[in-house]
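Undergrad: One structure coming up, written as C-alpha cells, with questions to follow.
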Amino acid sequence: MKFNYKNITKVVIILAVLAGTGTGCKKFLDAPPASKLPEEEVIADEAGVRAVLTGAYQAVGGDHMFGGRMKIMNELVADQLDGSQFSGDFGETFLRKSSIFGEYKRDMYTQSYQGIYRANLVLGNLSVVSAANRDNVEGQALFIRALIHFEMVKLFGQPYGFNADNSQLGVPIRLTATPESKDRSTVKQVYDQIIADLKLAEAKMLDDNNGFANKWAAKGLLAKVYFQMNDFPNAYNYANQVISTGKYILDATYATRFSEGLSTESVFQILSSRGVFEAGGELRSQFRSDFTLPSMRFTKATFDLINTTNDVRKSFINAVKYPGMYPLTKYNKDRFNIPVIYLTELKLIRAES
C-alpha cells in the first residue's frame with residue numbers, strides 16, 4: 001500500500017505551528033509566543049487531525065527514517081560496508097562507539113520520535129473525527145507508532161532474547177503527545193506495546209486504504225516483529241495471511257521495487273511525488289554512485305559473495321567504474337518509491353519460519 005503526499009502543503013503549515021515555528025506577519029507583535037499557540041486551534045476538526053496524521057507518515061518516509069538516516073545507521077552496524085574512510089558519526093557508529101556528540105544519529109533519533117509524537121497527537125484527538133472514519137484514523141496512528149518504536153528498539157537496544165526475560169533496556173515508550181523526559185523501558189515492554197498497537201490497528205484499519213497503510217500492512221509488520229522475537233509460529237501465520245491474499249505479486253526484477261509506481265509487491269511503501277515530496281534524498285546523497293564515488297560503499301568480500309553466475313544481486317554493485325571500490329547502484333535514480341513492507345521479505349519470513 002502506498003503513502004501519498006498530496007496534502008503535504010497543508011501538513012507543513014500545521015506542523016510548523018505544532019513545532020512552535022509558525023507566526024503571523026500582519027500583527028506579529030500581537031501574536032502569542034509560537035510555543036504557546038493553542039494546540040486546539042491546530043487540530044480543532046477532522047481535517048486538522050488528518051493533516052497531522054499525514055505529517056506522521058512524513059516522518060516515517062523522510063530523510064531521518066526510511067528515506068535515509070535510519071537505513072544508513074543500520075548499514076553502519078552491519079558487516080558489509082567498507083568503513084576504512086569513515087569519520088565523525090559514521091566512524092563512531094561503524095566502530096560500535098558513541099559519544100555525547102553526533103548530530104547525525106541524534107537527529108535521526110529525535111525526528112523519529114517526532115513521528116510518534118504526531119501519531120499520539122492524532123490518538124489524543126479522535127473525538128473530532130467522524131464516527132465513520134475514526135477507527136481507520138486510529139488504526140493508522142497506532143500502526144505508525146508501532147513501526148517507529150520497532151525500528152528504534154532494534155537500533156538502540158540489545159536484541160529480543162539477549163536476556164531470558166528481555167529485561168535489557170530498550171527505548172522510551174511514548175503513548176501521549178507530551179514532552180516530558182521518560183526513562184528507557186525494557187525490550188520486553190517495548191515489544192509488548194508494539195504488538196498491542198499492531199493488533200488493535202489490524203482490527204481497525206481498512207482492507208484497502210487509498211494509498212495509506214491498511215490492515216495488511218499491520219499484519220506484515222506483525223510478521224516482522226514476531227520474526228525478530230524468534231516467535232516463528234506467529235511470524236509464519238501473519239506472513240502467510242498477507243501472502244495468501246493474492247493482492248501482492250513479486251516484481252519482475254529487483255530494480256522494479258525501487259521505482260516510481262512500478263512495484264506490484266509493496267504492502268506498504270513511501271510514495272515519491274514529483275515536485276512535492278521526492279523520497280530517498282538522503283539515500284541518494286550517501287549511496288548514489290553514477291556521478292561520483294559515494295562515502296557509503298561495500299567491501300570486496302561482500303561483492304565476492306554475490307559475484308556468481310546466477311546471483312542477480314551483483315547488478316546492485318558496480319565493480320568497474322571505480323577500480324578497487326564497490327559502490328551500490330540501486331539508488332542511482334533521481335527519484336523512487338521506498339518499500340517498507342513487501343512481498344519478497346514476507347516470503348523469506350514465511351520460508352524461514
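The values are calculated or read from the model by the stated rules, or taken from the named source; none is laboratory data. Model, not experiment: these values are computed from the prediction. A quick note on method: Cβ atoms are made from the backbone with ideal geometry, for glycine too, and the neighbour counts reach across all protein chains shown. Each accessible area value is taken on the protein alone, full model and side chains, heavy atoms only, with ligands, DNA and RNA left out. Shrake-Rupley method; radii C 1.70, N 1.55, O 1.52, S 1.80 Å.
Undergrad: Can you list the helices (runs of 4 or more DSSP H) lying wholly within the range 71-182 that have 3 or more residues being within 28 Å of Glu202 (Cβ to Cβ) and out of contact with any His (no Cβ under 9 Å at 6 or more places or on another chain)? Spell out how you get there, then give the answer.
TA: Values: elements: 88-94, 103-123, 131-156.
It comes to 103-123, 131-156.
Undergrad: Another question about this same structure. If only one of Gly88, Gly157, Gly83 is without any contact (Cβ under 8 Å) to a residue 60 or more places away in the chain, among the small types (Gly, Ala, Ser), in contact with a helix residue (DSSP H, G or I) (Cβ under 9 Å, 6 or more places away or on another chain) and at positive phi, which one is it? Please lay out each step first, then the result.
TA: Details: Gly157 fails: at positive phi; Gly83 fails: at positive phi.
On inspection, the qualifying residue turns out to be Gly88.
Undergrad: Which residues, counting only those in the range 61-94, are among the hydrophobic types (A, V, I, L, M, F, W, C) and closer than 18 Å to Ser285 by Cα? Break it down stepwise before answering.
TA: Narrowing the range 61-94 to residues among the hydrophobic types (A, V, I, L, M, F, W, C): 65-66, 70, 72-73, 76-78, 81, 86, 90, 94.
Those that are among the hydrophobic types (A, V, I, L, M, F, W, C) and closer than 18 Å to Ser285 by Cα: Met65, Phe66, Met70, Ile72, Met73, Leu76, Leu81, Phe86, Phe90.
Undergrad: Give me the helices (runs of 4 or more DSSP H) completely within the range 207-305, filtered to those with at least 1 residues that are farther than 30 Å from Asp82 by Cβ and open to solvent by 10 Å² or more (accessible area, probe 1.4 Å), ordered by residue number.
TA: 215-228, 232-244
Undergrad: Examine the range 120-131 for a residue that is closer than 27 Å to Gly48 by Cβ and open to solvent by 80 Å² or more (accessible area, probe 1.4 Å), and state whether such a residue exists.
TA: The first filter runs over the range 120-131 and keeps only residues closer than 27 Å to Gly48 by Cβ, leaving 120-131.
From what's left, open to solvent by 80 Å² or more (accessible area, probe 1.4 Å): 127, 131.
Yes, the range 120-131 has at least one match.
Undergrad: Only residues in the range 318-342 that are more than 18 Å from Gly62 (Cα to Cα) and among the hydrophobic types (A, V, I, L, M, F, W, C) count as the first member; pair them with residues that are open to solvent by 50 Å² or more (accessible area, probe 1.4 Å) and in a loop (DSSP other than H, G, I, E, B), Cβ under 8 angstrom, at least 6 apart or cross-chain, and list the lot.
TA: If the second residue must be open to solvent by 50 Å² or more (accessible area, probe 1.4 Å) and in a loop (DSSP other than H, G, I, E, B), the pairs left are Ala319/Asn307; Met325/Leu293.
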